[in-house]
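Data block below; observations after.
Laboratory data are not the source of any read-out in this text; all were calculated from the coordinates shown. Source: prediction; values computed, not measured. No Cβ is skipped: glycine too gets one built from the backbone with ideal geometry, and neighbour counts run over all protein chains shown.
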Amino acid sequence: MKRSLFILILIALASACGGGEREDPLLRLSAEESMEKGKALVEDGKFGQAREYFQHAFEVEPNSAIGREALLLVADALFLQGGSQNFLKAEAKYRDFQNRFPTSRRSDYVQFQIAASLEKRMRPPDRDQSITRKAMEAFEDVIRVFPTSEYAPQARERIGAVRQRMAESEFLKGRFNQKLRLHKAAVSRYEALLEEFPDYAEADKVLFYLVASFEVLKEEDKAEATRKRLSEEYPQSTYLNQGSS
């Protein structure tokens, strides 16, 4: 009797486990149904859940138009959810799409999103700027490869913002050298900054501190020429009324 009861329990457990797998609602969905559900979840801001449906749609029809769209939406959901790790994963998914479907009509968007994913992970100006430079190069690729794309103007705008971050990083390096009284190193850094980033929004600040280093180095002619440039190019600058420091 006990043996029969034990066997019945085992059969019931096996049936329950098997039934649970067969009743998984996600696995029963077609690619179209899964896409519809995923998009509804995105509308509700449930990006993590939406990814599961998009991934399922891609796995069901990986080589169809809906499968391609699903893979791209996996990347989009990661990007929309945000956070450093999700931006990293989003970049990887966009690159995966780029490698699988290099002739896609969405290729310009994918390249722009790769750049945007990098931009979201840029570090502050006082930290390493390797990701910032990669972001700039990725945005430049949008313009180079897709010059007539609707995303090209946005890429140019984002390049401008990224360059400001890189320029500020170079300025901070110059100030660090200056504070350590390494004025020759500071001058080299400031001069390189002004040459590489003539569009830097705070170039007057760079000129001001460049004057200060020239004065310490007793290079009066260069100090005077830089001071003149500051007053002529930035007549409204607040740095004109400040003493050297």
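Rounded to the nearest 20 debye, the dipole magnitude of the chain is 880 debye, with +1 charges on Lys and Arg beta carbons, -1 on Asp and Glu beta carbons, and the Cα centre as origin. Helix-only arithmetic for the chain: the sum of -39500 (n - 2.57) across DSSP H runs with n ≥ 4, divided by the residue total, places the mean residue ellipticity at 222 nm at -25000 deg cm²/dmol. Extension gain for the segment K228 to S104, taken as residue separation times 0.36 nm less the Cα-Cα distance, is 39.3 nm to one decimal. Compactness of segment 24-98 is given as radius of gyration and Dmax, 11.5, 33 Å, from Cα positions. Can you tell me the FRET efficiency between D128 and D96 if r is taken as the Cβ-Cβ distance and R0 is 25 Å, rounded to the nearest 0.05? That pair, D128 with D96, gives E of 0.45.
A Gaussian network model of the chain, with springs between Cα atoms under 10 Å, assigns the largest mean-square fluctuation among L194, L78, L118 to L194. Under 4 °C and 1.567 mPa s, how fast does the chain diffuse according to Stokes-Einstein, given a Kirkwood radius computed over C-alpha pairs? Answer in µm²/s, whole number. Using the Kirkwood radius from Cα pairs, D works out to 58 µm²/s. The distance linking segment 93-139 with segment 30-79 is 21 Å (Cα centroid to Cα centroid, whole angstrom). Going through the cross-link list K89/K134; K93/K120; K37/K89; K89/K120; K179/K205; K46/K134, which pairs have a Cα-Cα distance over 18 Å in this structure? Cα-Cα > 18 Å for K37/K89; K46/K134; rest within. Which net charge results when you count Lys and Arg as +1 and Asp and Glu as -1 among the other residues whose beta-carbon is under 12 Å from that of R127? Computed value for this residue: +1. Remark: the S30-L182 segment gains 48.1 nm on full extension, using 0.36 nm per residue and subtracting the alpha carbon distance.
Looking at segment 172-213, the trypsin sites (Lys or Arg not before Pro) that sit in a DSSP loop and have at most 14 other Cβ atoms within 10 Å of their own Cβ are R181.
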